[in-house]
1. Suppose the chain between Asp173 and Asp291 were pulled fully straight at 0.36 nm per residue; how much longer would it get relative to their current alpha carbon spacing?
2. If I model a spin label as a point 7 Å beyond the Cα along the Cα-Cβ vector, how far apart are those points for Thr244 and Asn147 in nm?
3. How far, in nm, would the chain grow between Gln253 and Gln67 when pulled straight, counting 0.36 nm per residue and subtracting the alpha carbon separation?
4. Using a 7 Å offset from the Cα along the Cα-to-Cβ direction at both Glu301 and Trp192, what is the distance between the two label points in nm, to one decimal?
5. What lysines could a cross-link reach from Lys33, if we take a straight Cα to Cα line under 16 Å and drop same-chain neighbours fewer than 8 places away?
6. Which residues in the range 28-56 place their backbone N less than 18 Å from a point set 7 Å from the Cα of Gln202 along the Cα-to-Cβ direction?
7. Tell me, what is the FRET efficiency for Thr75 and Val136 to the nearest 0.05, using R0 = 22 angstrom and their Cβ-Cβ distance as r?
8. Ignoring ligands, DNA and RNA, what accessible area per residue does the chain give at 1.4 Å, in Å²?
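The values are calculated or read from the model by the stated rules, or taken from the named source; none is laboratory data. None of the values given here were measured: they were computed from a predicted structure. Cβ coordinates were reconstructed from backbone atoms using ideal geometry, including for glycine residues, and neighbour counts include every protein chain displayed. Heads up: the accessible areas ignore ligands, DNA and RNA and are worked out on the full protein's heavy atoms, side chains in. Shrake-Rupley method; radii C 1.70, N 1.55, O 1.52, S 1.80 Å.
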Amino acid sequence: MRKHAGLLAAVLMAAVLLSGCGDQDKEFLKDIKAEDYVTLGNYKGIEASAQAPSVPDGQVDYYIEQQYLTPHMMTKEEAGRPVQEGDIANIDFTGYQDGVAFPGGTGENYNLTIGSGQFIAGFEEGLVGVEIGETVRLALKFPDPYNPNPDLSGAPVEFEVTVNGILPRLTDDFVKSLAVADCQSVQALEDWVYDLYYQQAQADFSNEIERILSDKILAGCSFKKEMPEALVSRYQQSINASMTLQANSYGMQLADFMQLQGLDEEGYRAEFKKAATEMAQRYIMYQAIADIEGLVPTEEEVQEEIDTMVTIYGYASEEELLQKESRENISEDLMRKNVVAFLMENGDIQKTETIVD
């Protein structure tokens, strides 16, 4: 499989809102009759399965530690004491074997729960009583065998460790001081974070089911003529914008980012055009189903969606939202949501066993 195939497939199925006469000049689905372009096959009772939504063990604790405890790391003055058993100490460390730093033995701003047994024997014990800001050297020995790195099995080593700070204890009073989502207790915060991850897991499940259903239904369709050029162009611009944002998130220009996928400019523009053409086919397929099943959103439903988006995304007004997303784009995506919900309700959807790493 080509390196870039998964990347473009992810963009294609992201269900982003798309930005912005002969049939070839038709830019929006409202300007065409879907039945003129596609003959649908069966779209009911389609089988699809995906991993059941779940939150991995430890994910909630890690999020709270990184987002809420680490930013409030205590200095020596704030803590007023050295490291104790049960503390989460933030440390820098370097491991040396025969005076030379060994691979995998270095870390910066690492949060280590003292007493967790995460590090080799003697490491965590050696930090008990160490003051914040203090650097210590720990003469230790790796266990034998040491499966993560057999070359270190039984090896005597020395770790240089600096304690940068101690994270605050997670208590109800600390949670109240955060003022996060009206959470007043540790349990409330943990439940809130869990819900965030579970909602994302549910969205991932739904997206995977949509991909499978869409692929199967699309494979059973026959298209009578070429997709409108203006429609494909609009989708292509959306894909280009999405990929540009992704490139920028890595501090890169689009052309350089796509080179990492093995594509020069001519190559990635051809791939974007191909993906946009398939996107046009999918949306026309959705539109055809919506026309048959009465799933085309009404003006009132579109307005409700706009009002919801203004609230959720924090726009100052409807006008500000519509400067970024056209009403037609919003209507098309709402139509897609209606159709996908219908397909899931009328499909054979299975949740597979959760995979435990």
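1. Extra length from Asp173 to Asp291 when fully extended: 37.0 nm.
2. Modelled inter-label distance: 5.0 nm.
3. So the extension gain works out to 64.0 nm.
4. 3.4
5. Those lysines meeting the cut-off are Lys224, Lys225.
6. Of the residues in the range 28-56, 50-56 have backbone N under 18 Å from the label point off Gln202.
7. 0.75
8. 55
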